Amino acid sequence: MTDTVRHHDAEKPETKKENQPSWLKEGSTDSEEVADFYDTWAETYDEHLKDWDYRAPTYVAELLKQYVSTEQAILDAGCGTGLAGKALHLAGYENISGIDISATSLNKADQLNVYSSLLAHDLQQPLPFHGNNYNALICIGVLTYIENCQSLFKEFCRIVKPGGHIAFSQRSDLFDARNFPDTIATLEQEGVWENIKISSPQAYLPKNKDFSDKVQAIFCICKVV
């Protein structure tokens, strides 16, 4: 159920670099395309995100700390190169696991020494964990690439212990377009989770010309029932 490292031809890295801003904004829910893009981008990803003033990792770490004590076991779903895991570690969390579709990104995350385990896996497939495995879960900057978020949220609730928390983000331009308010409410009505907080739009990539103040991020935290 895990992904393997993908190999790229000589032309693809330069093509990806040239098309990076437009691809990033348009996104894709094709798992192979997403994995290929982030495998190619992994070496320079952190540098680009720093240049664009990416704030989501710090925001989610501050949000999670309001509800989850630092000794709890956390899964960083869609951890990439580990920016959110690093922010969690700086906030005092030490029991952090990561999962991501990009094996090359995971290699970068492993170098941070903040994760107790890392696994390559497609989040659009059933998660390879037993139920009630974690105290909390974060999924930041990932849901743009997920076709069926409601099914994924149910998987999150399956692997997080009752009373545990799930924190996630979605772009402000996609939050209503993909019916996130209805999805959150439906799962609450079904007794799957309790909606704790939906933030106002927050700065996402303020120094990226394709996002700036046009596309922000909305952060949510729900409690598993």
Report task. Could you grab me the full set of residues in the range 166-221 that are of a type in the set (Val, Ile, Thr) and in contact with a Pro (Cβ under 7 Å, 6 or more places away or on another chain)? Result -> 218
Query raised in the report: Condition test on residue 184, is it of a type in the set (Val, Ile, Thr), in a strand (DSSP E or B) and at pLDDT 95 or above?
Result: no
Query - Close pairs from the range 27-43: first farther than 18 Å from residue 171 by Cβ and free of Cβ contacts under 8 Å to residues at least 40 places away in the same chain, partner of a type in the set (Val, Ile, Thr) and not in a loop (DSSP other than H, G, I, E, B), Cβ under 7 Å, at least 6 apart - result: none
Report summary line: Residue count, the range 199-225, condition hydrophobic (A, V, I, L, M, F, W, C) and over 28 Å from residue 23 (Cβ atoms), comes to 4
Query raised in the report: Since residue 168 meets every condition but one in (1) in a helix (DSSP H, G or I); (2) under 23 Å from residue 23 (Cα atoms); (3) among the aromatic types (Phe, Trp, Tyr), which condition does it not meet?
Result: (1)
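Which one of 167, 87 is surrounded by 22 or more Cβ atoms within 10 Å (Cβ to Cβ), touching a residue at least 60 places away in the same chain (Cβ under 8 Å), under 15 Å from residue 56 (Cα atoms) and small (Gly, Ala, Ser)?
Sole residue among the options that is surrounded by 22 or more Cβ atoms within 10 Å (Cβ to Cβ), touching a residue at least 60 places away in the same chain (Cβ under 8 Å), under 15 Å from residue 56 (Cα atoms) and small (Gly, Ala, Ser): 167.
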Report task. Go through the range 136-148 residue by residue and tally those that are crowded, with 22+ Cβ neighbours inside 10 Å and either assigned to a helix (DSSP H, G or I) or not hydrophobic (A, V, I, L, M, F, W, C) (or both). Result -> 2
Report summary line: Reported set for the range 189-221 where residues are within 21 Å of residue 152 (Cα to Cα), without any contact (Cβ under 8 Å) to a residue 24 or more places away in the chain and over 19 Å from the mean Cα position of the chain (by Cα) is 189, 190
Query raised in the report: Has the range 29-39 got any residue that is in contact with a Leu (Cβ under 6 Å, 6 or more places away or on another chain) and either within 24 Å of residue 147 (Cα to Cα) or not acidic (Asp, Glu) (or both)?
Result: no
Query raised in the report: Considering only the range 175-225, how many residues are of a type in the set (Gly, Ala, Ser), out of contact with any strand residue (DSSP E or B) (no Cβ under 6 Å at 6 or more places or on another chain) and under 29 Å from residue 45 (Cα atoms)?
Result: 4
Query raised in the report: So, in the range 103-125, of the ones that are surrounded by fewer than 16 Cβ atoms within 10 Å (Cβ to Cβ) and among the hydroxyl-bearing types (Ser, Thr, Tyr), which residue ends up nearest to residue 87 (Cα to Cα)?
Result: 116
**Report entry** Output for the range 154-163, where each listed residue is without any contact (Cβ under 8 Å) to a residue 60 or more places away in the chain and either surrounded by 22 or more Cβ atoms within 10 Å (Cβ to Cβ) or within 15 Å of the chain's Cα centre (by Cα) (or both)
**Finding:** 155
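The values are calculated or read from the model by the stated rules, or taken from the named source; none is laboratory data. No experiment lies behind these values; they were computed from the predicted model shown. Please note: Cβ atoms are built from the backbone with ideal geometry, for glycine as well, and neighbour counts cover all protein chains shown.
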